[in-house]
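The values are calculated or read from the model by the stated rules, or taken from the named source; none is laboratory data. This is a predicted model, so every value here is computed, not measured. Cβ: placed from backbone, ideal geometry, glycine included. Neighbour counts: every protein chain shown. Quick note on the areas: whole protein, heavy atoms, side chains included, nothing else; ligands and nucleic acids left out. Shrake-Rupley method; radii C 1.70, N 1.55, O 1.52, S 1.80 Å.
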Amino acid sequence: MLTESVASNDASGARSGRDPLLAMHGVGMIYPNGTVALENMSLTIGRGDFLSLLGPSGCGKSTALRLISGLSQPTSGGIDWTGGAPAAGDIGFVFQEPTLMPWATLFENVRLPLKLKGLSKSQVQHDVMNALEQVHLEDFAGAYPHELSGGMKMRASIARALVVRPRILLMDEPFAALDEITRFKLNDDVLQLWTEFGLTVVFVTHSVFESVFLSQRIAIMAAKPGRVFAEMSIDEPYPRSEGFRTSDKYAGLCRLVSEKLHEAMRAGDAPA
């Protein structure tokens, strides 16, 4: 089942059924060169949500993620966190590229956020190995990035984000460069981690198919300026197996989300 809410410029967006974790209120972002990345973007994210930001290139998806993470600050509007601003380690970020240190072992790459906190190797040994185990890389702790496949490098990046035990995991098109089989497997793994650890996940993607398979809610964005055009709820139960991915219901949901995405692209005058 799919339900839809079309976002207005002055609304906070469709609400999650969960307690709110954060809310973006009329957020705007203008870069120094004058580029308007976001304008009056409003969105509520609930605790434990799996929310995808779906839209064409240039619609501000990655900018929205950076604002949520605190890596950038909005030029207008604000982001309110329930219970106050997140503490260090509350947010894990997985970027488009694994960005692993080529001279360091997998263990040392995953250890990095804890090392930056001043914790010794002996203090974090258990936590690092546990993070590697969560992504099925515990047997590769001593390996170097050049010895790993693309999918394994991305798993390492996820482990590095999880090692700080975040409340919210931000993922910026992490699987876009991977082959389809690897991408499907990592989609399954992310859902398992989300369920097992009660994470809140905000996932940026260009893929209608990926967003429908993963998400409880999809925020469809339009460009020029970047903003939430519509929100759609994917009211299908978890776990979502290969059977769901090949079902008529899944195909129908993908068609409906694709139609709404094309409306957003026309509204934003964005190229296909």
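Results, tabulated for the structure shown:
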read-out	value
Residues being without any contact (Cβ under 8 Å) to a residue 24 or more places away in the chain and either in a loop (DSSP other than H, G, I, E, B) or farther than 20 Å from Pro166 by Cα (or both) - total across the range 122-137	1
Residue count, the range 226-251 (criterion: open to solvent by 20 Å² or more (accessible area, probe 1.4 Å) and over 26 Å from Leu193 (Cβ atoms))	4
Cβ pairs under 9 Å, 6+ apart, first in the range 227-248 and free of Cβ contacts under 8 Å to residues at least 60 places away in the same chain, second open to solvent by less than 30 Å² (accessible area, probe 1.4 Å) and part of a loop (DSSP other than H, G, I, E, B)	Phe244/Glu236
Ser258, sole failed condition from (1) within 21 Å of Asp49 (Cβ to Cβ); (2) surrounded by fewer than 21 Cβ atoms within 10 Å (Cβ to Cβ); (3) of a type in the set (Gly, Ala, Ser); (4) at pLDDT 95 or above	(1)
Residues that are within 13 Å of the chain's Cα centre (by Cα) and either assigned to a helix (DSSP H, G or I) or surrounded by 21 or more Cβ atoms within 10 Å (Cβ to Cβ) (or both), drawn from the range 173-185	Pro174, Phe175
Whichever residue in the range 77-121 is in contact with a helix residue (DSSP H, G or I) (Cβ under 6 Å, 6 or more places away or on another chain) and of a type in the set (Val, Ile, Thr) and, among such residues, is farthest from Leu67 (Cα to Cα)	Val110
Top-ranked residue of the range 124-156 - restricted to ones that are among the acidic types (Asp, Glu) and closer than 23 Å to Phe175 by Cβ, ranked as least open to solvent (accessible area, probe 1.4 Å)	Glu138
Pairs, first more than 16 Å from Ala131 (Cβ to Cβ) in the range 86-110, second surrounded by fewer than 16 Cβ atoms within 10 Å (Cβ to Cβ) and charged (D, E, K, R), C-beta under 8 Å, six or more apart	Ala88/Lys117
Candidate set from the range 261-272 (those that are of a type outside the set (Lys, Arg) and open to solvent by 90 Å² or more (accessible area, probe 1.4 Å)); member that is modelled with the highest pLDDT	Asp269
Within the range 47-72, considering residues that are touching a helix residue (DSSP H, G or I) at 6+ places or on another chain (Cβ under 7 Å) and at pLDDT 95 or above, the one nearest to Val257 (Cα to Cα)	Leu54
Qualifying helices (runs of 4 or more DSSP H) (wholly inside the range 201-272; at least 3 residues being touching a strand residue (DSSP E or B) at 6+ places or on another chain (Cβ under 8 Å))	208-214, 248-267
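Let's see how each residue does on (1) among the acidic types (Asp, Glu); (2) surrounded by 12 or more Cβ atoms within 10 Å (Cβ to Cβ):
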site: Val94; (1), (2): no, yes
site: Pro98; (1), (2): no, yes
site: Ala104; (1), (2): no, yes
site: Glu108; (1), (2): yes, yes
site: Leu114; (1), (2): no, yes
site: Gly118; (1), (2): no, no
site: Ser122; (1), (2): no, no
